[in-house]
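Below: one structure, written as structure tokens.
The values are calculated or read from the model by the stated rules, or taken from the named source; none is laboratory data. Here the structure is a predicted model, which is why all the values come from computation and not from measurement. As a convention, Cβ positions derive from the backbone with ideal geometry for all residues, glycine included, and neighbour counts pool all protein chains shown. Heavy atoms of the whole protein, side chains included, go into the accessibility calculation; ligands, DNA and RNA do not. Shrake-Rupley method; radii C 1.70, N 1.55, O 1.52, S 1.80 Å.
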Amino acid sequence: VQLQASGGGLVQAGGSLRLSCAASGRTVSRSIMGWFRQAPGKEREFVAAISGSGTRMHYPDSMKGRFTISRDNVGNTVYLQMNSLKPEDTAVYYCAKAHSDSRFPPMEFDFLFWGQGTLVTVSS
């Protein structure tokens, strides 16, 4: 499976962006999908995960309320809506697919397939 993240860019603090992750090569409709981010000089950070059916979502406490993960299984695409963006949200955002035996909520090590990342820059 190939994952192509897009939608990043430059936005002012308080603004919004919607990231997309298009999967190709095989369907991801039954797979747990997730978003992660990595800021310069920092460790990779979990942002959100969504179950295969799209009925369950999981976020770290720091992301709750501002970020929303969703999916379109017909279109084989996963989204990340980001609102009220802050300069500290600046990072490369990656989408990832968990292996088929993953449970929900997934652990980071469950994600075996990664996209190339899209850069989000939030200016103050």
* Structure fact -> Computed about the Cα centre, the charge dipole of segment 1-72 from +1 Lys/Arg and -1 Asp/Glu charges at the Cβ has a magnitude in debye, to the nearest 20, of 120
* Residue-normalised accessible area of segment 40-111, given per residue in Å² at a 1.4 Å probe -> 53
* **Net lengthening on full extension, SER16/GLU43 (0.36 nm per residue, minus Cα-Cα)** => 7.4 nm
* Write out the GluC sites (Glu not before Pro) in segment 1-106 meeting two conditions: DSSP loop, and at most 16 other Cβ atoms within 10 Å of their Cβ. => GLU43
* Structure fact -> One finds, for SER24 and GLN81 with R0 = 30 angstrom and r their Cβ-Cβ distance, a FRET efficiency to the nearest 0.05 of 0.85
* Place a label point 7 angstrom from the Cα of ASN73 along the Cα-to-Cβ direction, then list the residues of segment 101-121 whose backbone nitrogen is under 18 Å away. => 101-106
* Asked: Label points 7 Å out from Cα along the Cβ direction at PHE109 and GLN2: separation in nm?
  -> 3.1
* **Accessible carbon and sulfur surface of the chain relative to its total accessible area, %, 1.4 Å** => 49
* Taking the Cα centre of segment 40-122 as origin, sum charge times position over the Cβ atoms of Lys and Arg (+1) and Asp and Glu (-1), and report the length of that vector in debye to the nearest 20. => 160
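I want the antiparallel fraction of DSSP beta bridges within the chain, as a percent rounded to 5.
Numbers: 36 of 40 bridges.
Antiparallel bridges: around 90 percent, rounded to the nearest 5.
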* How big is the gap, in Å, between the Cα center of segment 45-76 and the Cα center of segment 1-43? -> 11
* For THR55 and SER123, what is the calculated FRET efficiency with R₀ set at 35 Å and r taken between the beta-carbons, to the nearest 0.05? -> 0.45
